[in-house]
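The block underneath contains the structure these notes are about, expressed in structure tokens.
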Amino acid sequence: MCGIVGYVGRSEAGPILLDGLRRLEYRGYDSAGVAIMDGDRVETRKCAGRIAELGKLMTEKPPVGTYGISHTRWATHGKPTDQNAHPHFDGSGKLALVHNGVIENYQALKEDLLREGEHIFASETDTEVLAHLIGSLYDASAPANGYVPPQNEKSRLVAAVRAALQQVIGTYGIALVHRDIPDFIVGARRGSPLVLGVGKEENFLASDVSAIVAYTRDAVYLNDFDVVAVERDKFEISSVAGEGGNYEVSKVEFTDEDIKKGDYPHYMLKEIFEQAGSVRDAMRGRLSTDECTAKLGGLDMTAAQLRDVGRIVLTGCGTALHAAMIGEYILEQLAGIPTEVEFASEFRHRNTPMTRDTLVFAISQSGETADTLGALRESRRKGYRTLGICNNVASTIARESDGGVYMHAGPEIGVAATKSFTSQVTILLLIGLLLGRMRHLSTSEGSHIIGALEALPDQIEQTLKLSDEIRGIARKYAASPGMLFFGRQFNFPIGLEAALKVKEITYLFSEGHPSAELKHGIIALVRPELPSVFITPDDAVFSKNLNNMEQVKARKGPIIAVTSGACGDRLRGIANDVITIPSAPAFVTPILSVIPLQLLAYHLAVELGRDVDKPRNLAKSVTVE
Ligand code: F6R
């Protein structure tokens with residue numbers, strides 16, 4: 001959510017910043033801008049719209065200079081206009097700042113500045129207030145007269161940043177430059193990610209390593225309240241409070257190649273097609289066929305501690321929450337442990353009664369989602385062991401949890417989550433297997449689960465072959481006013497997930513429900529133009545779903561069925577379209593049944609001419625509440 005890139009080195013900053021912004025565009029695409037320093041001139045280009053628009057501005061009039069900052073915006077305060085686009089300047093016009101996050105007390109800070117006088121604000125943003133605040137603290141610290149050695153100016157600027165941030169309530173990832181201090185960038189973070197890329201005679205700042213991995217794979221993942229002063233050949237990390245910071249330089253675990261779209265027209269399609277590999281990677285080295293269990297060392301819990309778990313809370317947002325909902329079925333069925341799913345945004349603000357033996361899992365692809373992070377912190381504050389299920393290894397959730405399981409799904413760039421979902425469900429299955437084998441599951445049951453898991457990658461490959469058939473179905477229903485999704489048990493959350501995918505990337509109205517809820521009200525929506533999609537594999541509730549489909553058919557509602565095995569034949573004559581996936585035990589089926597629905601949403605969106613990877617109003621990694 002908003003992307004920042006900063007560069008200081010010997011190369012022209014413009015192309016590097018623009019390239020970084022393109023790679024961060026998934027974080028926001030309402031407006032974009034750069035400020036590049038050239039001697040005593042600040043070259044600014046910014047505009048509403050996509051990075052491509054900024055690219056045009058920068059081609060028409062290339063900014064020159066070897067250090068600068070840049071930003072792609074997902075609007076929070078103020079409309080996506082040219083004026084509101086970052087960078088923003090302080091009162092002197094010398095200090096340029098980009099910001100990701102929300103300054104909650106910006107009104108109060110603005111009123112204080114206005115009372116001081118001489119502050120004219122050009123935008124409606126909270127960011128501009130922060131720029132003015134830092135600028136006025138910096139100017140106020142200037143000696144009354146006389147020469148100021150450059151080194152002192154650097155420390156004065158860092159001190160002004162610290163002093164300003166001590167007054168801020170809210171979240172920030174920031175980068176700033178000052179016209180009078182050459183080759184110098186200051187960054188800081190609280191609640192919004194910021195990473196320092198360490199190069200040779202050049203250094204970078206970015207919201208996400210994907211922006212800079214083409215230039216360096218050495219990275220320092222900054223912690224909350226870190227302030228970093230970056231120069232061409234050195235950097236210094238301290239805290240907002242002025243103490244020395246601890247840091248470590250890590251190797252980024254993926255390369256620039258991994259984040260290329262390759263021959264796929266969209267990242268979303270690429271990521272859907274990566275799922276055989278990403279599910280395999282989620283299981284790699286984690287299955288013990290000898291003991292018929294899973295090995296999850298990252299949980300960092302002894303066997304006795306795992307046996308003592310009496311209750312589980314799974315929390316997350318959006319797609320991760322849907323994975324959690326399947327996790328509830330998995331953990332209760334495989335491990336017999338009472339499990340609840342909590343919206344992270346609700347959980348963090350309410351006083352959920354918890355028992356001391358409760359284990360909390362925060363599930364998040366990005367590991368940066370503000371609500372999930374808030375839930376994790378609240379749960380840890382109250383003394384519950386809280387584990388993360390994350391894809392982004394260096395993320396805040398991964399770092400702040402007591403332990404966890406990484407997804408190893410590789411970078412997910414498409415705004416609509418796909419492969420991270422199947423990896424999350426796979427990991428929940430591993431956790432269910434591990435906890436179940438410590439309780440009532442026999443070796444033969446454990447071995448049956450392992451067999452089902454090991455068969456998954458090939459079954460996913462088979463399922464992906466349905467893509468062309470699904471494109472045909474998407475074409476047939478592209479003019480529909482929306483779609484309803486129904487499923488039961490393990491496949492009820494798949495209905496929710498499918499409806500979310502359709503909403504996000506097609507903008508069509510869509511809803512998911514447990515099939516049996518149909519007759520409790522939703523049936524009023526059923527009509528010939530509105531298709532209902534039933535996720536009804538060959539399982540214990542197939543005949544119940546069949547009854548619900550008959551109720552829709554009786555009201556002339558078109559039906560698309562996702563089924564498995566021989567059940568396809570029983571659906572002919574009832575469903576208008578039948579999609580058959582490979583047969584699998586009920587607990588692994590959601591990993592297969594979601595794939596045709598991801599493809600359905602994708603092909604529908606393409607058919608409707610939507611911007612699949614950058615849907616309207618959305619951004620990946622939601623770092624605001
Ligand atoms: C849906 C989607 C969002 C995310 C949600 C949580 O396609 O991408 O609903 O699932 O914002 O994100 P993470 O998993 O990064 O916490």
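Relative to the first principal axis of the alpha-carbon coordinates of the chain, what is the inclination of helix 126-140, with its axis defined by its Cα atoms, in degrees from 0 to 90 and to the nearest 10?
For helix 126-140, the angle is close to 30 degrees.
Could you work out the relative contact order of the chain? I mean the mean sequence separation of Cα pairs under 8 Å and 6+ apart, divided by the number of residues, in percent.
Relative contact order of the chain: 12 percent.
Compute, for residue 255, the solvent-accessible surface of its heavy atoms (probe 1.4 Å) with the complete set of protein chains present, and express it in square angstrom to the nearest 10.
So the heavy atoms of residue 255 present about 50 Å² to solvent.
Using the heavy atoms of the protein chains alone and a 1.4 angstrom probe, what is the accessible area of the stretch 465-619 per residue in square angstrom?
With all protein chains present, the stretch 465-619 gives 36 Å² per residue.
Taking the convex hull of the alpha carbon atoms in the stretch 3-258, what volume per residue do you get, in Å³?
Value for the stretch 3-258: 115 Å³ per residue.
Let me have the 222 nm mean residue ellipticity of the chain computed from DSSP H runs of 4+ only, each contributing -39500 (n - 2.57), with the sum over all residues rounded to the nearest 500.
-11000 deg cm²/dmol
To the nearest 10 degrees, how steep is helix 443-464 against the longest Cα principal axis of the chain, on a 0 to 90 scale?
70 degrees
Out of residues 5 or more away from residue 579 or on other chains, whose amide H comes under 5 Å of its own, with H placed 1.01 Å from N in the peptide plane?
HN-HN under 5 Å from residue 579: 561, 562, 563.
Cross-chain or 8 or more residues apart, Cα under 26 Å: how many lysine pairs in the stretch 261-464 fit that? Count them up, please.
Taking the stretch 261-464 as the scope, the lysine pair count is 4.
Sorted from largest down, give the three principal axis spans of the alpha carbons of the chain, whole angstrom values.
The Cα atoms of the chain stretch 88, 57, 43 Å along their principal axes.
Computed from the mean reciprocal separation of all distinct C-alpha pairs, what Kirkwood hydrodynamic radius does the stretch 479-581 have, in Å?
For the stretch 479-581, the Kirkwood estimate is 13.2 Å.
Considering only DSSP beta bridges whose two residues both sit in the chain, what percent are antiparallel, to the nearest 5?
Once the DSSP bridges in the chain are tallied, antiparallel ones form about 60 percent.
What whole number of Å gives the distance from the Cα centroid of the stretch 84-104 to the Cα centroid of the stretch 349-419?
31 Å
Can you tell me the 0 to 90 degree angle between the C-alpha axis of helix 106-116 and the longest principal axis of the chain, rounded to 10?
The answer is roughly 10 degrees.
Excluding same-chain pairs closer than 8 in sequence, count the lysine pairs in the stretch 1-126 whose Cα atoms lie under 20 Å apart.
Eligible lysine pairs with Cα atoms under 20 Å apart amount to 6.
Using the Cα centre of the chain as the reference point, and only Cβ charges (+1 on K/R, -1 on D/E), how large is the resulting charge dipole? Debye, rounded to the nearest 20.
Using only the charged Cβ atoms, the result is roughly 1280 debye.
Which order, highest average first, do 176-186, 453-463 follow once you tally other Cβ atoms within 10 Å for each residue and take the mean per peptide?
176-186, 453-463
Enumerate the amide H contacts of residue 28 below 5 Å, restricted to partners 5 or more residues apart or on another chain; note that Pro and chain-start residues carry no placed amide H.
2, 620
May I ask you to derive the relative contact order of the stretch 465-619, considering only C-alpha pairs under 8 Å and at least 6 residues apart, and to give it as an integer percent?
After rounding, I find 29 percent.
Nothing charged except the Cβ atoms of Lys and Arg (+1) and of Asp and Glu (-1): what's the magnitude of the dipole of the stretch 261-464 about its Cα centre? Round to the nearest 20 debye.
580 debye
Could you please state how large a percent of the accessible area of the chain is carbon and sulfur, counting protein chains only and using a 1.4 Å probe?
Reported share for carbon and sulfur atoms: 49 percent.
Give me the 1.4 Å probe accessible area per residue for the stretch 177-295, excluding ligands and nucleic acids, in Å².
Dividing the accessible area of the stretch 177-295 by its residue count gives 43 Å².
Among 107, 498, 36, which residue has its Cα positioned farthest towards the positive end of the charge dipole of the chain, with +1 placed on the Cβ of Lys and Arg, -1 on the Cβ of Asp and Glu, and the dipole taken about the Cα centre?
Of the listed residues, the answer is 498.
Looking at 337, 213, 80, which one has the Cα that reaches farthest to the positive end of the dipole of the chain (charges on Cβ: Lys, Arg +1; Asp, Glu -1)?
Farthest along the dipole direction, towards plus: 337.
The values are calculated or read from the model by the stated rules, or taken from the named source; none is laboratory data. Worth saying up front: this structure is predicted, and the values here are computed from it rather than measured. Methodologically, a virtual Cβ is constructed for each residue, glycine included, from the backbone with ideal geometry; neighbour enumeration extends over all protein chains shown. The accessibility values were calculated without ligands, DNA or RNA, using every heavy atom of the protein model including side chains. Shrake-Rupley method; radii C 1.70, N 1.55, O 1.52, S 1.80 Å.
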